[in-house]
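Okay, so here's the structure we're looking at.
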Amino acid sequence: MSTDQFGLAGGDYVPDPDRDTTLLLDAFYDHLTAALREHALPGDLVTAMRARRRELEAAGRSLIVDEPARHNLRMTLALVAAYGVLKPRLGRETALAVVRAAFIEPLGDSMKDGTRAMLDNAPDAFRAMVELSRSREEFAFGKGFVFHRPVDDDERYHVDVHRCFYHDVLVAHAAPELTPVMCAFDANWIEAIEPDRHGFRFDRRTTIGTGGTHCPFHFSRNEAAG
């Protein structure tokens, strides 16, 4: 049975970038350790991944525009470092698959269960989701992202990401193919939304990482969805 490791279910979650990133990366490296065994690779490669990530962080200090960026840089460079270690040993496609699974799967059930419980228990599930989104935009994403809000009322909250810090960092490290991994992580909470049950739907038809000009995060109450 999954535990709500992010503390979402209570409805009073406030992003803590240090705590949340540490939780995610600990799970990421644990998953990679198991994956190395499956591919008959030495376990000390995880140590090499961690060391490489720290080197990249030190070299990329100028990218830290605020406190959220500090932790988003740490998280993004963890993918870069792991991919860089695995790619020459496993090939591009397998390395991508291993990194993707290690980033998305370990905390997936926890995030999905916590989000669903939050929505189930909220007096207004749409409003609860909007407030969570606003909180994450401020405390988890910060100035490294650029948000436009074409619609923001009691029926719809449409926020478009026109600059993605993750993508900028990955492009700078010649690894844009990793951006869709970051995009796919969101499925862990997106799949918790049940329109018939929670009274609203979520639409994200494209992302910067998959070739779009922006990432639309559109929440709409059912009666406004059309």
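The values are calculated or read from the model by the stated rules, or taken from the named source; none is laboratory data. Computed from a predicted structure; not experimentally measured. So basically every Cβ, Gly included, is an ideal-geometry build from the backbone, and we count neighbours across all protein chains shown. Surface areas here come from the heavy atoms of the whole protein model, side chains and all, with no ligands, DNA or RNA. Shrake-Rupley method; radii C 1.70, N 1.55, O 1.52, S 1.80 Å.
Between Thr22 and Glu177, what's the calculated FRET efficiency when r is the beta-carbon distance and R0 is 30 Å? Round to 0.05.
0.70
Given the alpha-carbon gyration tensor of the range 165-226, what are the semi-axes of its equivalent ellipsoid in whole angstrom, ordered largest first, with each equal to the square root of 5 times an eigenvalue?
After diagonalising the Cα gyration tensor, the semi-axes are 28, 12, 7 Å.
Write down the accessible area per residue of the chain in Å², having rolled a 1.4 Å probe over the full set of protein chains.
Roughly 48 Å² per residue, with all protein chains present.
Subtracting the Cα-Cα distance from 0.36 nm times the residue separation, let me have the gained length for Asn222 to Glu55 in nm, one decimal.
The Asn222-Glu55 span can extend by a further 55.3 nm.
Calculate how steeply helix 125-136 sits against the longest principal axis of the alpha-carbon atoms of the chain, using the helix alpha-carbon long axis, and give the answer as 0 to 90 degrees to the nearest 10.
Helix 125-136 sits roughly 40 degrees off the main axis of the chain.
Can you sort Arg116, Arg100, Arg50 by solvent-accessible area, 1.4 Å probe, largest first?
Per-residue accessible area, sorted high to low, gives Arg100, Arg50, Arg116.
Could you give the spread of the C-alpha atoms of the chain along their three principal axes, from largest to smallest, in whole angstroms?
Here the spans come out as 53, 39, 29 Å, largest first.
Excluding Ala48 itself, what net charge comes from residues whose Cβ is under 12 Å from its Cβ, given Lys and Arg +1 and Asp and Glu -1?
Counting the neighbours of Ala48, the net charge comes to +3.
Restricting to DSSP H runs of at least four residues, report the calculated mean residue ellipticity at 222 nm for the chain, -39500 (n - 2.57) per run over all residues, nearest 500 deg cm²/dmol.
Calculated at 222 nm, the ellipticity per residue is -17000 deg cm²/dmol.
If exposed means no more than 16 neighbouring beta carbons inside 10 Å and the site is in a DSSP loop, what's the longest run of the chain without any exposed GluC sites (Glu not before Pro)?
Longest gap between qualifying sites, sites excluded: 1-154.
Assuming 0.36 nm per residue, please report the length gained on full extension of the stretch Thr206 to Ser135 beyond their Cα-Cα distance.
This chain segment gains 23.3 nm when fully extended.
Looking only at Cα atoms, what is the convex hull volume of the range 121-197 per residue, in Å³?
Normalising the Cα hull of the range 121-197 by residue number yields 108 Å³.
Summarise the accessible area of the range 1-139 (1.4 Å probe, protein heavy atoms) by the percent that is carbon and sulfur.
Carbon and sulfur together cover 50 percent of it.
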